[in-house]
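Input: a single structure, listed below in structure tokens.
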Amino acid sequence: MSDPTSRSGMRKGLTSYGDEGFSLFLRKAFIKGAGYTDDALERPIVGIVNTGSAYNPCHGNAPQLIEAVKRGIMLAGGLPMDFPTISVHESFAQPTSMYLRNLMSIDTEEMIRAQPMDSVVLIGGCDKTVPAQLMGAASAGLPAIQLVTGAMLTGSHRGTRVGACTDCRRYWANFRADEIDEAEIAAVNNQLVPTVGTCSVMGTASTMACVTEALGMMIPGGASAPAVSADRIRVAERTGAQAVAMIAAGLVPSRILTPAAFENAFRVLLAIGGSTNALIHLTAMAGRLGIEVDLDELDRFGRETPVLVDLKPSGQHYMEDLHAAGGLVTVLRELRPLLHLEALTVTGRTLGEELEAAPAPFAQSVVRPFADPIFAEGGLAVLRGNLAPGGAIVKQSAASPRLMEHEGRAVVFDDLPDMVARIDAPDLDVTADDLLVLKQIGPIGAPGMPEAGLLPIPRKLARQGVKDMVRISDGRMSGTAAGTIVLHVTPESALGGPLALVQTGDRIRLSVSGRRIDLLVDDAELARRRAQLPPPPDRSQERGYRKLFLSTVTQADQGCDFDFLRASQMAHRVPKGKP
Ligand code: FES
């Protein structure tokens, strides 16, 4: 038998029996029960995180991907070992998928650490899964490479191309406004998700796929291939082979996930008109590596990084169109002067070397030239003001231009149940010029920071044809959503943030150009209201994961990670600027 103190393959992370030789002997005895030979067990081991689940149709192609990843691993001389972790789908997670993201990251980290493997392929896709996996892998410190399941194809409803989930929201708003009937909303329900895979617009899943490629944690071209395409299977095979190569190269996440890599990711996030959620996820991932995100500097980044990708919800196209247009490399090529080309990727080559090696560009209409963007500034703007001293976000590329400078009367909902109870009431005192405010949907308030920031237009206004209003909350919104929506107001109302003090009838001024969100109420009145706030709820009877969540989750400006999972020291601040 080989030296049990050698720490690779099956010898890694031996179970503690007080006798390492016996531990290895026992491990091999059990694994041989599955039919493995000694030759196989001497190979470098690549773990494959299997997040296939009947509850997660976004990962419905996981079996085919695992087969292809295994093929790649074995062609490169490794031994593939797939194992399950938690899988989280947006629509099958109560109260929210965000509530479970950190649990999935802990599961991923600990199972990578606990089981013998030399590198790991992370198969994720649906919104929270990729950040959870990258957060866990960054903390585990083993060579890791991300594979996404890929976007679903688009469907067709009465001759109109449709896809989840921008069109889900559009048709639902039409239904609420009585513009379409029960039969049509049922018909469109069959067409919005025509295949397995992740949402087909630039929602959080597509955004995380693109920023992960920009981070260098995915093989080039890995972000855009549709879930049900031969390209996706080839990406999976290449990912498996690369996972073997990363072992000898010692390509651990901390060598790839550097401040320069995060700056590249932020450039891409802004240029693709990406999901606001990605900002929270990138902040959480960076925090695992001792990198802090400076929201004000990010806003400066945004002013010099235009939106180039013409995808819904900011534009017109779908992810399969981005793939046909060459994929993310077409975007990276346009952003080249703003990128850190020296950043290392999972291939062992730099981003600049990969761009040099990419196929030649060709004429296409999905990714605009840098000089002719679809929106002159980046997709996200960071707001400050007395309503959000810790910052707030607006996705300006998906907002209504006429509402970006707006002052009006606040119509306040105290929490989600209050909003559900009153938003459609015929006697709700509301006009199209009012600003809708929703409290108690922050990380702790709801809990889990639900994607409820896109408050529905009150039915009586929707029936009058109102399509957008300024809406303000401490929650999130789906990356597939559009509108003039102020999100992530920090600190949240459940912690006594200024949002908690807003009352119906107050005036609020939004100035996206001035990057301000202000409550126009004098300080003495605010102090009086603060003194009357109810005490925080008694949480002493909470138990289990909910107790852990409520007692350790951080605010949006720290990525909503658990405080004990973040690096103990923040050694860097990003973004800093052009290379
Ligand atoms: Fe899974 Fe949209 S619900 S990616």
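The values are calculated or read from the model by the stated rules, or taken from the named source; none is laboratory data. None of the values given here were measured: they were computed from a predicted structure. Neighbour counts are summed over all protein chains in view; Cβ atoms, including those assigned to glycine, are modelled from backbone coordinates with ideal geometry. These area figures cover heavy atoms from the full protein model, side chains too; ligands, DNA and RNA do not enter into them. Shrake-Rupley method; radii C 1.70, N 1.55, O 1.52, S 1.80 Å.
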Which is within 16 Å of the ligand (Cβ to nearest atom) and touching a helix residue (DSSP H, G or I) at 6+ places or on another chain (Cβ under 7 Å), of Arg113, Arg101, Arg71? Arg101
Among the residues of region 520-573, what is the count of those that are farther than 17 Å from Leu103 by Cα, in a loop (DSSP other than H, G, I, E, B), in contact (Cβ under 8 Å) with a residue 24 or more places away in the chain and not small (Gly, Ala, Ser)? 5
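Among residues belonging to region 75-92 that are touching a residue at least 12 places away in the same chain (Cβ under 8 Å) and within 16 Å of the ligand (Cβ to nearest atom), point out the one that is most open to solvent (accessible area, probe 1.4 Å).
For region 75-92, the residue satisfying everything is Phe92.
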Of the criteria (1) modelled with pLDDT of 95 or more; (2) over 23 Å from Ala140 (Cα atoms); (3) open to solvent by 20 Å² or more (accessible area, probe 1.4 Å), which one Asp296 fails: (1)
Quick one: is Met135 farther than 22 Å from Gly445 by Cβ, away from the ligand (no atom under 16 Å from the Cβ), in contact with a strand residue (DSSP E or B) (Cβ under 8 Å, 6 or more places away or on another chain) and open to solvent by less than 20 Å² (accessible area, probe 1.4 Å)? no
Helices (runs of 4 or more DSSP H) wholly inside region 150-215 containing at least 1 residues that are touching a His at 6+ places or on another chain (Cβ under 6 Å), away from the ligand (no atom under 14 Å from the Cβ) and within 24 Å of Gly378 (Cα to Cα): none
Residue list for region 142-183, restricted to those being buried (at least 22 other Cβ atoms within 10 Å of the Cβ), among the polar types (S, T, N, Q) and over 27 Å from Pro63 (Cα atoms): Thr166
Candidates Ala425, Ala452, filtered to the one that is farther than 17 Å from Ile517 by Cα, open to solvent by 10 Å² or more (accessible area, probe 1.4 Å) and out of contact with any strand residue (DSSP E or B) (no Cβ under 9 Å at 6 or more places or on another chain): Ala425
Scan region 207-216 and tell me whether some residue there is open to solvent by 10 Å² or more (accessible area, probe 1.4 Å) and among the β-branched types (Val, Ile, Thr). no
Considering each of Ala425, Ala432, Ala421, Ala410 in turn, give the residue that is of a type in the set (A, V, I, L, M, F, W, C) and under 16 Å from Lys467 (Cβ atoms). Ala432
Which is open to solvent by 20 Å² or more (accessible area, probe 1.4 Å) and of a type outside the set (Lys, Arg), of Leu403, Leu387, Leu341? Leu341
